[in-house]
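Structure, as structure tokens:
Every number in this text was worked out from the coordinates using simple rules, so none of it is lab data. No experiment lies behind these values; they were computed from the predicted model shown. Every residue, glycine among them, receives a Cβ derived from its backbone with ideal geometry; neighbour counts consider all protein chains shown.
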Amino acid sequence: MNPICNPPLPLAHAYIPNQPYVGLVPLEEGFRRGSMFPNLYQPWHKEKKL
């Protein structure tokens, strides 16, 4: 790697909060939602244009 063109900078830093393993949704529903954790489930609803 060329240090002039590619300085040694960190690529990314992730922030991942701890998730409590309580109140998990059933397996099939978790796959449908995309998360087994109810507190991470935030569905996106497309806004209707007026």
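Summary of values
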item: Long-range amide H partners of MET36 with built H, under 5 Å; result: none
item: Net charge contributed by nearby residues that have their C-beta within less than 15 Å of TYR41 (K/R +1, D/E -1); result: 0
item: Relative packing of 24-30, 8-14, which averages over residues the other C-beta atoms within 10 Å, highest first; result: 24-30, 8-14
